[in-house]
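*Asks:* Sharing a structure with you now.
The numbers here are math on the coordinates, done by the rules we state, and not lab data. Just so it is clear, the structure is predicted and the values come from calculations on it, not from any experiment. Cβ atoms come from the backbone with ideal geometry, glycine included; neighbour counts cover every protein chain shown.
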Amino acid sequence: MPELPEVETVRRGLERHAVGRHIREVEVGRERVVRRTSRRALIDGLTGTTIEAARRRGKYLLLPLDSGDEMMIHLRMSGQVLVAPAGTERPPHTHVVMHLDDGNELWFVDPRTFGEVVVFDPDHVDVEVPDVAVLGVDPIADDLTLPTLRRLVRSRRRRLKPLLLDQHVIAGIGNIYADEILHAARLRPDRRSDELSLRSERLLHRSIGTILRAAIEAGGSTLGDAQYVDLMGGEGSYQDDHRVYGRAGERCSTCGVGWIRRTVSAQRSTHFCPVCQR
Ligand SMILES: [Zn+2]
C-alpha cells in the first residue's frame, strides 16, 4: 500500500503535470471509486475547473480547484495516478479520466478499487470527508518538532508499531516505513511509547525524518507486485534500501550480527532485528 513517500512522489508529479491545468471533460467508469458521492457529482465537480495546487496530508492527495472545492484522491491498496497524451491506450482498470487542456489525460487506475476520487467542499471537510479532518500531524508537510513528538508518544501508553501506524496521531506512515523507522531508531516495535528515554525519543524523531526523506528522494518503494508507480509509470527504488522490511531470515546489515525476524499480529507483519533493536 502506498505510504507517505509514494504519495508524496505522486504529489510532486501532479505539481508538475496537473497544477494550472484546466479540466475540460471527465469520464467515470466504475462507480465504486466515487462511492462517497456519485459519478454525476464527480463529473459536475471537476468539469470546467482549474487545478490550483497539489497538496498532501498523510496518504491523501488534496487538489484545490478554482471553484473553491477540492479534489481528494486516495490510492489505498493499488491505486495509481498516471498522465499520458490523449489517445494513448488506457490500461485495464482505468476508472476516472480527466481530459486536460494541454492535450494530456490524467488517469485514476485501480485494479482492486479500494481507492477513491472525491470532490468536496473544504468548509465542510468534517462532514464530507471526515477521515481527512481527523488526520494527525504529517511528519513532512507539517513541522514535526521533537517536543511535539515527545508529547504525542508520552501521552499514550501504546506499543510503538501500532502508534506509528495510527493515522490520527501521525499521518502517512504505514507498515513498511514504520518497520524501517523503528530499525533506524534501534527500537523494538513492541516497546511502550511512554517508557522511552529522551535519547530514544530523539533517535525516533530523527529516524522519522531521515527515513521518509530518503524514501521520497528515491521515489518511494515499488514492491514485487509493482502496483505503486509514479505519474509517468516509473517505479521507486527505495525497496533496495530496506533494512528490515521483507528481509526476514537475512543477516541484519546494520549490526552484522542479528537475523531479521518477522512476526505477525492483527494480520500485519512486523520486521525487526532482535540484536540492534531494544
Ligand atoms: Zn541488527
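*Asks:* Which number comes out as Rg/Rh for region 1-103 once both Rg and the Kirkwood Rh are worked out on C-alpha atoms? Don't jump to the answer; show the numbers that get you there.
*Replies:* Numbers: Rg = 12.9 Å, Rh = 14.1 Å.
Value, to two decimals: 0.92.
*Asks:* Sort 143-150, 44-51 for me by packing, meaning the mean count of neighbouring Cβ atoms within 10 Å per residue, highest on top.
*Replies:* Result, highest mean first: 44-51, 143-150.
*Asks:* Also, quick follow-up: Regarding the chain, what are the three Cα extents along the principal axes, ordered largest first, in Å?
*Replies:* Ordered largest first, the chain gives principal extents of 57, 37, 30 Å.
*Asks:* In sequence order, what are the phi-derived ³J(HN,Hα) couplings for region 238-248 according to the Karplus relation 6.51 cos²θ - 1.76 cosθ + 1.60 with θ = phi - 60°, rounded to whole Hz, with x for glycine and proline?
*Replies:* 5, 4, 5, 9, 4, 8, 10, 4, x, 10, 4
*Asks:* Hey, another quick one. If you take the Cα Rg of region 203-278 and divide it by 2.2 N^0.38 Å, with N the number of residues, what do you get?
*Replies:* Ratio of Cα Rg to 2.2 N^0.38 Å: 1.22.
*Asks:* Using only DSSP helix segments of four residues or longer, with each worth -39500 (n - 2.57), what per-residue ellipticity at 222 nm results for the chain after dividing by its residue count and rounding to 500?
*Replies:* -7500 deg cm²/dmol
*Asks:* Here's a follow-up. What is the local net charge at Glu180, summed over the other residues whose Cβ is closer than 11 Å to its Cβ (Lys, Arg +1; Asp, Glu -1)?
*Replies:* Here the charged neighbours net out to -1.
*Asks:* Using a cut-off of 15 Å between beta-carbons, work out the net charge of the residues near Asp126 (Lys and Arg +1, Asp and Glu -1, Asp126 not included).
*Replies:* -3
*Asks:* Using the Cα centre as the reference, give the magnitude of the dipole from point charges on the C-beta atoms of the chain (Lys, Arg: +1; Asp, Glu: -1; all else neutral), rounded to the nearest 20 debye.
*Replies:* With Lys and Arg at +1 and Asp and Glu at -1, about 1940 debye.
*Asks:* Just the number, please: percent antiparallel of the DSSP beta bridges in the chain, rounded to the nearest 5.
*Replies:* DSSP beta bridges in the chain are roughly 95 percent antiparallel.
*Asks:* Compute the long axis of helix 175-184 from its Cα atoms, compare it with the longest principal axis of the Cα atoms of the chain, and write down the angle in degrees, 0 to 90, nearest 10.
*Replies:* Rounded to the nearest ten degrees, it is 40.
*Asks:* Once you list every other residue whose beta carbon is under 12 Å from the beta carbon of Arg36, what net charge do they have if Lys and Arg are +1 and Asp and Glu are -1?
*Replies:* -1
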